[in-house]
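Beneath this line is the structure, given in structure tokens, with notes to follow.
The values are calculated or read from the model by the stated rules, or taken from the named source; none is laboratory data. Here the structure is a predicted model, which means the values were calculated and not measured. Neighbour counts are summed over all protein chains in view; Cβ atoms, including those assigned to glycine, are modelled from backbone coordinates with ideal geometry. For accessibility, only protein heavy atoms count, side chains too; no ligands or nucleic acids. Shrake-Rupley method; radii C 1.70, N 1.55, O 1.52, S 1.80 Å.
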Amino acid sequence: MLFPRRLTLSRKFNSKTVSQSSRSQRRHRRDSALVPSPICCAPTVEELESRQMLSAVATMGASTLAVPTYVIGARLGSGIKPTIQPNTVAPITPAEMRAAYGVNQISFNGVVGDGTGQTVAIVDAYNDPNIIGDAATFNSQFGLQQFNVAGGPTFKVLGQTGTTTLPTVNGQGWDLEESLDVEWVHSMAPKANIILFEANSNSGNDLYTAELTAAGYPGVSVISNSWGGGEYSTETSDDGNFFVTPAGHQGVTFLASTGDDGTPAGYPSYSSDVVAVGGTNLQIQADGTYISESAWSSGGGGISQFESQPSYQVGKVNGLSATQRTVPDVSADADPNTGVFVYDSFSGAWFQVGGTSLSCPLWAGMVAIADQGRILAGETTLNGATQTLPMLYNLPSTDFHDVTTGNNGTYSAGPGYDLTTGRGTPFANLVVPALAGYGTIAPSLAGPATGSVTENSFLTFSSANGNQITATDPFSAGNPDSLTLSVSNGTVTLGSTTGLTFLAGANGSASFTVSGTLGALNAAINGLTYQPTTNYVGSDTLVVSLTDGGESLTGSMNVALTVNAVAPPVITAPATATVTENGSLAFSTANANLISLSDNGAAGTADSATLTVSHGTITLGSATGLIVLAGANGTATVTVKGTVANLNAALNGLVYQPTTNYTGSDTLSVSIVDSHDGLSGSGSVALT
């Protein structure tokens with residue numbers, strides 16, 4: 001169900017009785033709790049008639065109405081023109097707003113951030129017959145770039161299907177909404193093109209038709225929506241209106257105001273594909289310098305009844321919800337008491353206006369500037385669902401004014417994310433360049449600084465071993481990154497290749513580059529194995545680098561590796577032994593003359609042992625688990641293969657039998673070779 005919003009106008013003044021000096025005095029007052037008082041001593045006052053919109057019980061279709069999300073602070077009158085003076089504090093001028101949020105500081109390698117080349121679509125209902133002329137008047141008053149002149153941005157008005165057939169005029173306040181939207185997108189991004197799509201009515205069907213038309217219109221990269229209504233049980237089926245663009249169309253960011261009735265917020269701001277923009281009370285100095293902000297008492301915010309928590313909010317919303325979408329995502333000035341100038345001749349000329357209908361176009365203009373920077377960097381414009389929103393939640397907290405005071409009647413502002421202002425309001429000179437890819441947040445890698453491995457063995461980097469290497473990229477937004485690994489004295493092998501594409505080299509080589517999503521890459525390097533070159537002993541370096549192709553930013557790390565020499569197999573045996581002619585000699589634990597082997601590098605693999613005498617035969621005490629490779633048991637020489645344990649069992653009870661009637665000296669030679677690392681050891685027993 002969509003619930004109505006009430007638009008309030010505190011007073012309507014007779015402009016002919018207003019003096020410029022008394023109006024200037026009123027504008028110096030900054031009261032965040034009260035609507036501005038009359039601007040002269042004896043105004044003609046009339047209460048605004050009720051502007052309560054119709055409500056409906058159906059899903060947002062043809063019979064269900066959406067309403068604008070603005071609040072009128074005061075009607076300034078047709079005979080009054082705003083003065084542009086350094087001591088102006090309210091209503092706020094375009095220059096002051098740009099200064100307050102740092103928009104006037106945005107530069108892309110020397111190119112002014114003003115939205116050049118981008119097109120912002122605005123979706124509203126009904127026709128404002130004076131909108132083009134009103135925009136020109138607004139621009140003249142504040143020295144902004146005029147539309148539709150040589151070298152300037154364009155502004156056109158289209159119907160909901162993209163034709164020049166426009167809807168009827170409606171007296172329910174949509175004209176003022178359109179003036180607010182157009183004039184303040186232009187104030188933030190004065191070189192961006194603007195297309196106003198006027199829906200035939202404020203029904204969901206007509207507004208969604210305009211939305212889809214705007215999303216597919218050539219050149220559109222941002223869509224601003226300063227309207228909404230209550231949530232409804234089938235709203236998730238309408239989310240596609242704020243996500244789908246035709247194949248081949250550039251990325252589009254959808255933004256929507258959260259509403260001016262506190263909690264609950266409105267749809268479509270609850271859609272997980274939409275940047276939900278809430279409101280604040282902005283305090284500035286006389287020259288526009290930022291002082292502080294508090295949550296606007298009527299700013300929309302809350303927890304959705306029907307929209308599940310999107311992945312970009314998981315673990316990022318201060319524990320306010322673990323299952324549902326929360327809004328707002330971000331905020332900007334919305335309190336009508338710290339509102340802005342709007343010119344709308346259809347309803348009476350100059351107004352002081354606030355509401356989340358203001359904060360939404362402010363952010364739309366800033367996203368357009370970010371898209372300008374991305375195009376300059378050879379990138380595509382932002383996709384709201386897969387790029388803009390994840391980026392906003394991954395930017396550092398220092399990129400935002402963290403609004404920690406005020407409330408919206410249900411929820412209070414506090415440190416970090418909250419249900420009144422979201423992440424906060426922007427340091428635009430930090431947020432916009434970061435969204436554009438000119439920020440300082442490159443992909444990063446974390447893991448051990450050092451690692452050691454035994455010669456001819458291997459080292460595995462994994463969570464199980466406590467030495468996992470992990471990759472992070474706040475700007476990947478689900479798009480593929482490329483990962484390069486290299487060593488100088490060995491090979492590296494990924495634990496998994498699922499979802500990866502090899503761009504250079506091959507898995508299990510000294511160097512290779514793979515491409516994949518951040519999730520696939522992290523799965524691959526959890527289990528990464530380093531194998532030093534055979535018999536190599538010394539130092540090596542594992543170099544890992546991660547590149548975000550869209551942002552052209554790279555992060556890297558090095559792991560200093562040490563390959564330690566392994567001790568060769570060791571044979572322990574008596575130095576000498578004596579046997580009687582035609583007798584026999586057993587080497588065993590019981591006889592205290594045991595011959596034994598040890599091999600620290602065997603790692604459970606089979607070694608081979610060779611035993612030889614010159615004047616007799618040798619017989620193993622056991623042949624269990626052994627393979628005869630040469631000679632034969634009970635002869636002068638035999639080579640067998642088996643584990644160290646099996647070989648030692650065979651040697652415990654080894655019998656030497658001299659040749660019949662032989663007297664003199666003989667030598668029992670024993671050697672062992674580790675089949676894993678190729679190292680060997682030997683020993684002998686001098687026999688008499």
Every residue from the stretch 575-612 that is open to solvent by less than 50 Å² (accessible area, probe 1.4 Å) and of a type in the set (A, V, I, L, M):
A577, V579, L585, A586, I595, L597, A602, A606, A609, L611
Condition test on T572, is it farther than 24 Å from G490 by Cα and either open to solvent by 30 Å² or more (accessible area, probe 1.4 Å) or touching a His at 6+ places or on another chain (Cβ under 6 Å) (or both)?
yes
May I ask you to list the residues in the stretch 302-317 that are β-branched (V, I, T) and in a loop (DSSP other than H, G, I, E, B)?
V314, V317
Filter the stretch 357-385 down to the residues that are aliphatic (A, V, I, L, M) and not in a helix (DSSP H, G or I), then identify the one that is modelled with the highest pLDDT.
L382
Do we find a residue being more than 14 Å from V330 (Cβ to Cβ), touching a residue at least 60 places away in the same chain (Cβ under 8 Å) and either surrounded by fewer than 20 Cβ atoms within 10 Å (Cβ to Cβ) or not aromatic (F, W, Y) (or both) anywhere in the stretch 427-435?
yes
Can you confirm whether the stretch 289-301 contains a residue that is surrounded by 20 or more Cβ atoms within 10 Å (Cβ to Cβ), in a strand (DSSP E or B), among the hydroxyl-bearing types (S, T, Y) and out of contact with any Gly (no Cβ under 7 Å at 6 or more places or on another chain)?
no
Quick test of your reading of the structure: Q146 fulfils all but one of (1) of a type in the set (S, T, N, Q); (2) open to solvent by 30 Å² or more (accessible area, probe 1.4 Å); (3) over 16 Å from Y343 (Cα atoms). Name the failing condition by number.
(3)
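Listed here are the residues, each with its yes/no results for (1) open to solvent by 30 Å² or more (accessible area, probe 1.4 Å); (2) in contact with a strand residue (DSSP E or B) (Cβ under 6 Å, 6 or more places away or on another chain); (3) of a type outside the set (A, V, I, L, M, F, W, C); (4) within 23 Å of D540 (Cβ to Cβ).
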| site | (1), (2), (3), (4) |
| --- | --- |
| T470 | yes, yes, yes, yes |
| T493 | yes, yes, yes, yes |
| F502 | yes, yes, no, yes |
| F512 | no, yes, no, yes |
| G519 | yes, no, yes, no |
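Condition check ((1) under 24 Å from the mean Cα position of the chain (by Cα); (2) open to solvent by 20 Å² or more (accessible area, probe 1.4 Å)) across all residues:
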{"residue": "G216", "(1), (2)": "no, yes"}
{"residue": "G228", "(1), (2)": "no, no"}
{"residue": "E231", "(1), (2)": "no, no"}
{"residue": "D239", "(1), (2)": "yes, no"}
{"residue": "T253", "(1), (2)": "yes, no"}
Any idea which of (1) open to solvent by 30 Å² or more (accessible area, probe 1.4 Å); (2) touching a Ser or Thr at 6+ places or on another chain (Cβ under 7 Å); (3) over 28 Å from F147 (Cβ atoms) is the one P264 doesn't satisfy?
(2)
Within the stretch 318-343, take every residue that is assigned to a strand (DSSP E or B) and under 24 Å from G288 (Cα atoms) and give me the one that is most open to solvent (accessible area, probe 1.4 Å).
Y343
Matching residues in the stretch 105-138 (surrounded by fewer than 18 Cβ atoms within 10 Å (Cβ to Cβ) and closer than 20 Å to E293 by Cβ) number 1
One residue is enough: does the stretch 200-223 have a residue meeting the conditions of a type in the set (D, E, K, R) and under 28 Å from L166 (Cα atoms)?
yes
Which residue out of A247, A256, A215, A210 is at pLDDT below 95 and among the small types (G, A, S)?
A247
Out of A377, A370, A385, sole residue that is under 17 Å from the mean Cα position of the chain (by Cα), farther than 23 Å from R98 by Cα and aliphatic (A, V, I, L, M):
A385
Can you find a residue in the stretch 117-128 that is within 25 Å of N429 (Cβ to Cβ), in a loop (DSSP other than H, G, I, E, B) and not hydrophobic (A, V, I, L, M, F, W, C)?
yes
Among residues of the stretch 613-662, those that are closer than 15 Å to V685 by Cα, hydroxyl-bearing (S, T, Y) and open to solvent by 40 Å² or more (accessible area, probe 1.4 Å), counted:
3
